[in-house]
Structure formats: structure tokens, C-alpha cells
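Read the structure below first, then the notes.
What follows is calculated from the coordinates using simple rules that are stated; it is not laboratory data. Computed from a prediction, not measured in an experiment: that's the story for all the values here. Note that we place each Cβ from the backbone using ideal geometry, even for glycine, and neighbour counts take in every protein chain shown.
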Amino acid sequence: MSEPTLVDQLKQKFGAAITGANLENVDPWIEVAPEAIVAVCAYLRDEPSLAFDYCNSVTAVDYLHVDEKKAAKSEWQPHLEVVYHLFSMQHKHSLVLKAMLARWRDDEVGELPEIDSVAHVWRTADWHERECYDLFGIHFLGHPNLRRILCPEDWVGHPLRKDYEMPLEYHGIRGR
Amino acid sequence: MDAIYWPSVFFLIFGALACGFALAVLLSANIVRMAFYLVLSLAATSGLFFLAGQEFVGAMQLLIYVGGTLVLLIFGVMLTSQERFVNMKTLAGDWVIGMIAGGALLSLLTAAAFSVPEWRGPERAAVENLPIEPNATPIGMGLLGARVDQIGAPADERAGMAGYLFPFEIVSVHLLVVLIGAAYLARAKRRSNPLPTG
Amino acid sequence: MTSSLLANLLTEPPGVAHYMTVGAVMFVCGAMCMATKRNALGVLMGIELVLNGANLNFIAFGSKYLDNGGPQLGLDGSLIALFVIVLAAAEAAVALAIALNFYNNHDSIDVDRADQLQG
Amino acid sequence: MASAINKLLDWMLSGLGLSVSADSAVGYIVAALIHITLIINLVAVGALVFIWLERKISGRIQDRLGPTRVGGKFGWLQTLADGLKLITKEDLMPDGADGFLFKIAPYVSFAASIAAFIAIPFAGGPYPWIAQHLNTGVFFVVAVLGLEVFGVILAGYSSASKWSLFGAMREAAQVVSYEVPLGMCAVVPVLIAGSMDMVVIGNQQAGLFTNWFIFHDPATFITFWVYLTCATASVNRAPFDLAEAESELVAGFHTEYSGLRWSFFFMAEYGSMLSVSILASVLFLGAWNGPIPVASMLGLTAANGDVPGYIGNLLGLLNVLFKGVVGVSVMIWIRWTLPRLRIDQVMATCLKYCTPIAAVMFLGAVVWQYNLPGRTFFGLLAAPQETFAVDEGWAALPTTTAEPAKPAMVERGAATSLAPRLAANQGRGN
Amino acid sequence: MSTVDDPRTIEFDVRTDEMLVNMGPQHPSTHGVLRLVLRTDGEVVSEVTPHLGYLHRCAEKIGENLTPRQFIPYTDRMDYLAGMNMNLGWALAIEKLMKYEPPEKGRHLRVIISEMGRIASHLVGMGAYGLDLGTFSPFLYAFRERERILDLFEEVCGARLTYSYITVGGATADLPPGWLEKCEAFLTQLEPIIVEYHTLLTTNSIFIKRTAAIGVMSAATAIDYGTSGPVLRGSGVDHDLRRDGEEIYTAMYDGYAFEVIVEKNGHYPKDHQYPAVPQEAILGDCWHRFYVRMLEVMQSIDLVRQGIDRYSRASGSYGEPMKLNQKLPKGEAYLETEAPRGQMGFYIVSNGEAIPWRARARSSSFCNLSVASELCRDCLIADVPAIVGSLDIVMGEIDR
């Protein structure tokens, strides 16, 4: 079903929670407020006409320009985006959801941003969210067991953040 | 001293093995070592059975006793061998009492054994040229009820031509019932909270 | 007396008495094992030794190579020995079942723990 | 054999003025030594050959060559190279291990697998080539095969590692439970031959291959295949090799072993494989009699002189060893084609399939033997009479109900009803 | 007759205490460096927790410093058993972002190469699964055939494992002359061998005993856990990206006659030619997953044949690769392709420069493995390698 009607349907149902959409992109996406993400996802999955029962991937993108020159010119503020790629097995159509998060919770460096977990909506999101937590440092509230999946348990820092510095040494192995 | 009588040399070897390992079972503290010494002791006893001319019983001892019962015992040892039960020292007091009682019993039995002159052993000539004929078949037929070993005996000496068919049936049914019962009994019915073991 | 015993044993065939002594030694070891061992399975092994000691006597009296005119069992000796072996297997199975049950309920195999009937 | 050796010793020592009496014990000791060295060499060389054979056969099965360069043409010295490697490798022992039991386990296992060869005949006829002519031959071999499980349990327990204990317990449960059907299958040929003496069983299968017990009747035919399955399982090979299932328990009970001790376990395995397949050939496949009785056709029987008898026996030996090697290569062939069974499936096949089938076949053989005593090749041909007459000399069994000392009611019925049929059977030469 | 009146007693066989047992990462049966921690109670496994990350190289961070064409070699090393399909996935994702349409001859070339890669990968999957269940020979037969495919790939792009052949815009080089005939010859001699594999494994009674009705996964669980590829189709979900995928990916396959290998009301497409499904097998068990892979090999053979004659008839360039530092249009694109082990997705965000802002790889084995702990609950120890083997995972792809 075409994107615009879907956006209107969601806006009409969730009102302000749908904060925006970009339909010109190759993969049009819909922006959702972080608080309403679980409600929207549950609705998307259970609504028979949409039936997004297959969650391809849950990932994140870090928007931050490290060097000042580019930061000045960039048209967006530094933030984190959690991106959900969904697919419906019956209707064979796909959808992209985005939730905008601040890079650090109330801007204190080191406090991980929080968003509700959709692990109980799609079981596959469990591992995807653990990977996001591991590589981006996003705290998923209500996640069954949120711990690192790819990096060692005692790894410090979240590698895929733009401002990530490789540790000098790890258990005696030289990092940099 | 004329030529050595070899069968008695083998009797000494097997006898020494049997008694030695029986003693080892008594003296060793580690339950698994005890089990292993018991296996060797019973294997030596099976050798004594072969020496006494009973091939069938010797092979039966190896197959059922050593091959079956002791494997069962070793399974029991494995299932219960938590670290604290493997090496359990017996108290010194029990040892002393045990030694005294055992020594007394042993001397009594050996004295009894050597008191009867006939039991001291046949003349060498009488035994040396006895034919070694197979005795598995008489046992088999005996179990089935036909005492073939007493065919030549005179009528009055023949102790009951009937063999062991009836006890054979009883033992086989008994064994079946016991094994099923043991299997059922072994299904542990553990209390959800074990009794205060103090 | 023992040196002469051994001396003529090397030349003379072993008799029923010699088998009985080996049986007696195993019997006594078994009895003491049952008496002193604190592990239930150690007691079980003592029982096996006792049964084997008895078996040896049956076989000794049944064997014609040890016959010196004394009372003889003939074939009955080996048949009874067979029955003893089979029944020892059954007995070991039941004893093991009891020991396992005791172990599961009391979480210990120590014989001294079985003092519930003392009241 | 012993008297021949005494004569030989006497002839040799006569030069020195010493004499050896005909039945002196020295002959027995030397004979026993010769037998034991022959058996140990058979098992050692056998293991040598079978390791090489396994590499070659598995190579062929997997479309590759197997060893080709070590020591000459077909890489036949490959096993020697393995042996040297194993001997030079250090014999490790894990620190938590129970030293004494850890060291002794491989030798217990090896001794058990060698002891089975004492009662196995390698050539029949009036002068059989057998280490110890036991009247209860089959029974003894089956009993000794059961003892190998002790070596395994001790190895598993004393290696103090969780995985090897798993492997040892699995293997012990499997070997002990497969002994039951193995024993039942071994009893069927004993029933047909009428004796547990393996020489008698072998002699009864003389003549054309139609006399072989595998073709004796449909029951024995099926029993042979059940025997083969149980033998493969009781030796821990092919689809039943749970103990060293690489995928779950790294190497089962002998994970912690290395060097010479590990090679003893290996030799024990190949030794018992050889003993099980030779037992199969003696019981079912006409031990030392080839498909066509070449030896008796050429007159190489003991009847006409010692030397032809010796050559006849030699041919018999070749027959037995050939059948043993064929049996082992079938096991190797099965191992490299079939996947592995799970532990509960192994137990299920034993308890739900092998044992009941063996029991039914035993019953079938009894009924067949009772109704068609003297026949062979599924009852189509008459068995050569002279081989089948097992004369136990009880013609004098009292057929009349002469008054035994104190007959109880039940025993009388049992005794008398059986006696006439026994006597009748004697008449028909069974 | 358990003591019903005394609920406090629990009836069970012999009392065994819980044991934590490690299987891997160096365990021979797990495919590569996967560590499974099993909580076992005697033989029964009560819980399996996989531990990942032993092969983690953070390829996604590297993707943020390389131009798309420079990143191609990294995609090879994700699913190293199907390098060609990984390259294709990345190339198509970039082309979707750039809205670039590869020439018709390039399309057919990509179908031939990717389906040959699928055959090679399934052969490894089949051989390794035989290894898990204890039989060694099928592994060597499978690798003998795979060697022939690798020789063909070597002629095409000079490499045997890390090809980097299919790149953004088409392929680095055209097929060498005479290659198509060799490929045709290979296919004709492969078909009877696949029948031989069926007798060796699929219809082998011990294999059926070890795999039928073990690790059964319902269609709902399969979708819920995000599984894909043969694992998903093994549970009866009729979904294959080559038919239901995005327009740019299905364009590659339009005009090709093929049916999705999935069991619909008891029948696989054209299953009369292959051994029938044994009655013990339940839809969604290890046996079905294996059977789907075996049928997909036949499907790929047919596709390659069609690809060969379409390629020989097509004219024009095979698809010149894109310039090395060509600027990417602003925006983002996510595309999933049907890799042999499942749907391999690439998500690229670019803000107009030659180097993408974010390059994310969604791995199929990652989701397939997440089902393992659910399937292995209350199975026997010997079943764990059978179940994990049937998921056919590759650690390079999971750990990225």
C-alpha cells in the first residue's frame, strides 16, 4: 500500500506520536516519537491490513560530525537514530520506522539514551537490540537480558559511535 | 622330592591372587579401588573354578558375576561417588574389633578344614591320570532334569534321578521378578526437601 | 607346620582343605568388610566376597580331582554354585536399588547416617 | 602339542645327557608360551594391518588414495610410523587423575581383548590349532568380551574430566546391554551343533558351503545379521560408536590418554574387532572350511599322514584369517558410510529390536532343529552324517521308570517324559 | 503409580545434578568459533546459551571509512562460504541508492555466478551436516564437487574463496571464453551425484532417525525469530526474495522459470523426481531444512542453465564497474538479497560524499542462530549439534 496513505492512517491513529516522514527517499521512512515506538510497532504487527509480522533489522545511526568545519555546515543537529526495517509476509510490502534520540540522556556524556524495547513484539529484535546496545550504547528499557553480544563482556565504550576512541590496551594487548 | 605337581602351583597362584585382592578390598579406603580389586579377586576365583575342573561354572562366574553384577556395582559407585564419599576412613576402634573377630573366625575355619583327614588331598597317583572330560553337558542336562552323571551309579546310591528342572524354573522367574522390582525401586522418589541429614 | 604344608603342597595335589582355606580367607575378608566399611557399597562388596567364599567350598566338594574318599557332592556342587551366582546377581540388584534410594533421600551413602529406626 | 615338545626337548638335550620325561610339565609351559606369543603377535600385527586397512578402505570409500608413500609401494608402513609416533609421544596424565587406575585401565582393556583368542580355534580336524581346547569355548569368549567394559569405565572415571565420564558411562551401558543379544545369537549355532566346543562347531560345517550354519535354516540366517549388528555395537564401532562421538564428547573415555597408553586402547579395539569377526566366521561361516572343500579333495586331511594334515590345517588357518579380515573390513566399510546413532536410539535398537529378534530366532532354530534334525541348507540337503553325530554315550539312560530313591510327583513327570524322546533322538543320530 | 497423595515427592529416574557444559568455541562440530553453554541434567539439555563475538572484526566501522568499491572485499569475508552472493548483495544495495540499472548481459552474468555460489555453499552445508551426525564420507564427496566450482570461479576472477568479482555497476571482468561450456559440463555431471547424495544421507534410515522430528520449528516461531532462507522455508513459509523481493533484485530473475522450494499441503515442487518425505519427518524439523537445501541445489542447476543460454544470447557490455570515488547521492537505502543461508541485508546511509555515512550488514545466520536456544530446549546432548548444524550458520557472517 502506498506510503502517503499509511502515514495518514498512522497520524490519524497516533496523532502527534508520528513526528514526520520522508517520502522522496529511495526507501521512504516514518519518524516516530521514542515513547510511542512500542505502541506503533504492536499496532503495525497486529493490524490485519498492515500485518508487519517480520522484523528485518533493528539498527542505529549516529549523526555527529567530528570535525568542526563540517559540523558548522551540517543541516542536522547531532543525534542518534534507531531504525526499524519491517516486512509483511502476507502483503509482501516493507516499511522503515525511525526514532530520534539524543546522543546522551539529558546531554550528560556517559548516560546512555533510553528507548522502549520491542523484543516482546518481535523475538528477533532481542538480539538486534543487544547488538545496538553493544555497538551504539542505546539502553532498551524492558529488554529480557540486555548485555553485550559481539564485544567481550568487559569492553569499555561503544565502537560504532562517531566519537569512539580505540582503548590504549585491553588485557595487555596494545590497542592503539 | 620328585617332580613338582604343576596344578597345585597354579592353585597357589590363583589362591594367592584371590586372597590377596580380597584383603586389598578390605584394606583400601577408596571405593573405586575397592571395586577394581574385587573384580580381580573374583576373576582369580573363576580361575580356581577352572582348576577344580568346573569349566562351565568358571565361565559363568566370569560372564554373570564379574561381567554383570560387578558392572552393576560400579555403576552404583559412579552414581553415588560424590567427592566426600570416595575416601571414607573407618574408625580405628572398628578396625581392632574387626581384626580380632576375623582372626578368630579364620583360625577356627582353617583348623576345621584340616581336621578331616580325607579333605587333606588325594594321592598324586590317583588324581594324576584322571581323564579331563567335558562337564558342561552333564550340568546342562542336570538343569533340564536328566541326571546323566549318575547313570552308572548302582540303584540305591542314585540320589534322585530328578535333576534341577524345578529349582531352575523357580530361580529364573525369581530373577525376573527381582530385577523388575529393583528397577522400579531404583526410580528415586526424592522428597522435594531432603530430610534433615544433620 | 606351615613350611611342611607348603613343601608337600608343591608335590602333592591340592585337596578340599586347601580350597576351603582360600574360601575361608575370602569369607573372613568379606565379613570384616561388611563390618568395618562406612560406605554402603563397601558393605555390598563384602557381601559379594562372602558369597564367593561359600561358592568356593561348594565347587571344592563337587570336583572329582580333589576327591579323597570323603563326602562328595558330585554334580550338585557345581549346580548349587550356579544358583548362588545367579541369585547373587539378583541380590546385588536389589541391594543397589536400596542403596540408591537411601542416597537420593538422605543425600549421603554413609551407612552410619541410616539411624532413623533408632528412635 | 605338549608331548611333541617334550619329545623335541628330549631329542635336543639327549646330547647333553639330560632327559625330559614324556609328559613333563616343561612341555606344557613351552607350549603355553608359544601359544601366547602367537596370539599377541596375531593381535599386534592384526592391529598394525587393520589400521592401515582402515586408512586404505576409508580412502577408497571417500574417493581418495589413503597412504601411498610411507615405506614402499602402498604405504604399508604407515602404521609403523604411527606406532613410532605414539611410542615417542609423552604419556600425559591429568593432575586430578587417580594415578593407579589411570595407568592400569588400558592394560585391562587390552588383556580382555587378547584373552578372547585363547579359546578361538584357527584350524580344525583331529588335531585342532587352538590355544586351550575349552569344552565351553563359545561361552568363555562371550564372557571375556564382556570384561573389556572395565577398562573403559576405569579410564573414564580416572581421567577426572566430565566429558570422559560421560563417554565411559555411555559406552559401559551400551556394551553391557549389547552382551544380552550377542549371547543369545551365539547360542543358536551352539544349539545346532549340540556343543559349545568351537572345534566341534567348526567340524560340523565341513564340506560344501551349504553346510555352513548361516544357511542351516532361515532362523540362523537372520541370527547371523543380528549377531553382526550386536558385534559391531559391543565393539563400539560404526553407527554405535557413541563413546568417542567427535561431535558431542570430544573423544569419549580416552580423551586424556596420549602416547603408548592411547595406542593400547586402539589395539584393544582392533583386537576385539578381530575376535568378534573370527567368532562370527567360526559360528556361522564354516570356520576353517572353504566354500568348496579343497583340502579334503586334494587329500590333505590328517587321515593320510601328518604332513598333509599340517598343510590342511594351514589352509584352514588361511580360511579363518581371511574370513576375520573380511569381517573387519565390513565393519570398516559400515563405519565410513553410516551416520552415528544417538544414545537412546542405540539402547532402543538393542532392547526393542536385537533382543526380541534374537529370542524369536532362537525359538525358531529350536523348533526347526527339533523337526528337521539332520538337514542343512534350509532343510533341502541332508547333512553329512558323520559330522553330526555328537555321541554323548548316554544310551544307558534308564528308559524304564525304575524306582528312583524318592521320586516327587513333579519330577517323575519331567524325567520320564523327556527320557524316551532323548533315546529316540539318539537313534536318529542327532 | 507415583505417590499422588504426597505431592512433595517428585518422581524421576536417577537423581543427577545440574551440570554446566561448554561446547566450543574450539569444538569440532560447531561451524567455526561458536561457544554453546549447555545446562544439562544427565543427558537432557535444559538450556542452551550461544556466546558470539569470537570472530568480530567490526566490518561496519570500516565501512564508514571506505568507498563502496573498496568495501567489496570485506563483504566476501562475512559469509566466506558464499562470497559471490555477499558481493552481489552489497553491489545491488549501492545500485539501489544510486538508482543505477545494470545492463541486461550483466544481469544474466550475475544470475549464473550467484546461483553457482549457492550450489557451492549448499554442498558445504550438506557435507558439514553429515560431519555433525558422525559420517565423514559425504563431507569429502561434497568438497570434491565444490572444488570443481571453485576451479570455475578461479577462471572467472582468479580467487577461490574471497572473490570480490561482482562489484557496483556489474562485474570486474567478463566471463572468459569457453567458460560456459565448462560450466555446462559441470552441471550435467553434478545431477547424478546429487541423486547419490540423496541415497547417502536424505533417505538413510539412521540419518532420518537423527534428524526427523528433532528441532521442530513452527512457521510462527520462524517468522517471529526473523529466520530466513532454507531455515524459514523448511518450516513451510512460502517466501523467497528472488520472487517476492524488491523490484531491483527480482528484475535480475524476471523471465526465469523457477518455483520456490517450500512444502505446500504436503508436496514440494517437482518432488516426484526426488526421494519422498519420510512419515516420521514433521514440517519444520532438521530433516526438512536439509531437504530444502538439497532441492535448492537442483533449482540452482536449472537456473544456471537458463542463465547460460540467456547470457550467450544477450549482447552489449557485461556492466562496467562504477568509478572508484564516484559521489553517492544523498539519502539511504536498505536491500535484502536471497543469500544461500538466508536474507543478507545491507543498509547504506550517505550524505552526498563518496564514503557512505553508515554501512550496516544484517546477517541471516545471526537471526537463524537466535532460534537455537528455543529449539534445543529439553533435547538430548547428541541433538544439539544436529539442530545447530541444520541451521547451517557461518560465524564470519554472524560476528561481522
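Please go through the residue pairs A:K73/A:K162; A:K70/A:K162; A:K73/E:K96; A:K11/A:K98 and name each one whose alpha carbons sit more than 21 Å apart in this structure.
The answer is A:K73/E:K96.
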remark   = For A:E131, E:E145, ascending order of other Cβ atoms within 10 Å (fewest first) is E:E145, A:E131
inquiry  = Suppose we take every Cα in the stretch B:1-57 and form the convex hull; what volume per residue is that in Å³?
reply    = 72 Å³
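Give the average, rounded to an integer, of partner chain Cβ atoms located within 10 angstrom of each Cβ in E:42-53.
2
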query = Where a ≥ b ≥ c are the square roots of the eigenvalues of the C-alpha gyration tensor, would you call the stretch E:219-357 rounded, which needs a/c under 1.5, or, failing that, prolate if a/b is larger than b/c, or oblate?
reply = oblate
message = Taking each residue in D:165-178, count the Cβ atoms of any other chain within 10 Å of its Cβ, then average. What number comes out?
response = 2
query = If we restrict to alpha carbons, what Rg and Dmax does chain E come to, in Å?
reply = 22.2, 84
query = So, how do all the Cα-to-Cα distances of the stretch B:1-146 break down into 5 Å bins, in percent, from 0 on up?
reply = 2, 8, 11, 14, 17, 16, 13, 9, 6, 4, 1, 0
task = Please name which of C:S63, D:G72, C:V43 has its Cα lying farthest along the dipole of the protein assembly as shown towards the positive end, using unit charges on Cβ (Lys, Arg +1; Asp, Glu -1) and the Cα centre as origin.
result = D:G72
message = Let's see if you can work this out: charge +1 on each Lys and Arg Cβ, -1 on each Asp and Glu Cβ, no other charges. What is the dipole magnitude of the protein assembly as shown about its Cα centre, in debye to the nearest 20?
response = 1560 debye
query = What is the Cα coordinate range of the protein assembly as shown on the first, second and third principal axes, sorted by size from largest, in whole angstrom?
reply = 123, 83, 66
remark   = Per principal axis, largest first, the Cα atoms of the stretch D:122-194 extend in Å by 53, 24, 15
key: Cα gyration tensor, the stretch A:12-132 - rounded (a/c under 1.5), prolate or oblate   = prolate
query = Using helices alone, what [θ] at 222 nm do you get for chain B, with -39,500 (n - 2.57) per DSSP H run of 4 or more residues, divided over all residues and rounded to the nearest 500?
reply = -20000 deg cm²/dmol
key: Three principal axis lengths of the stretch D:20-105 [C-alpha, angstrom, descending]   = 61, 43, 21
message = Using only the Cα atoms of the stretch C:13-111, what are the Rg and Dmax in Å?
response = 16.5, 56
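Evaluate the relative contact order of the stretch A:9-119 (contact order divided by residue number), counting alpha-carbon pairs under 8 angstrom at least 6 apart; express in whole percent.
Computed over the stretch A:9-119, the figure is 25 percent.
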task = Identify the GluC sites (Glu not before Pro) of the stretch A:25-80 meeting these criteria: DSSP loop state and at most 16 other C-beta atoms within 10 Å of the C-beta.
result = A:E75
remark   = Amide H neighbours of B:N30 at under 5 Å, excluding residues fewer than 5 places away on the same chain, with H built from the backbone geometry, are none
remark   = Taking a straight Cα-to-Cα line shorter than 24 Å from D:K73, and setting aside same-chain lysines fewer than 8 residues away, one finds D:K56, D:K85
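Show me the three semi-axes of the equivalent ellipsoid for the stretch E:105-184, from the C-alpha gyration tensor (sqrt of 5 times each eigenvalue), largest first, rounded to whole Å. Write down the numbers at each step before the final one.
Working: eigenvalues 149, 31, 21 Å².
The equivalent ellipsoid of the stretch E:105-184 has semi-axes of 27, 13, 10 Å.
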task = From the C-alpha gyration tensor of chain D, pull out the three semi-axes of the equivalent ellipsoid (sqrt of 5λ each), sorted largest to smallest, in whole Å.
result = 39, 30, 23
key: Residue mean of other protein chain beta carbons inside 10 Å, D:328-341   = 4
query = Just in the stretch E:75-166: which trypsin sites (Lys or Arg not before Pro) are loop by DSSP and have at most 11 other Cβ atoms within 10 Å?
reply = E:K99
key: Bins of 10 Å, starting at 0 and running to the largest distance - Cα pair percent for the stretch D:74-208   = 11, 27, 27, 23, 10, 1
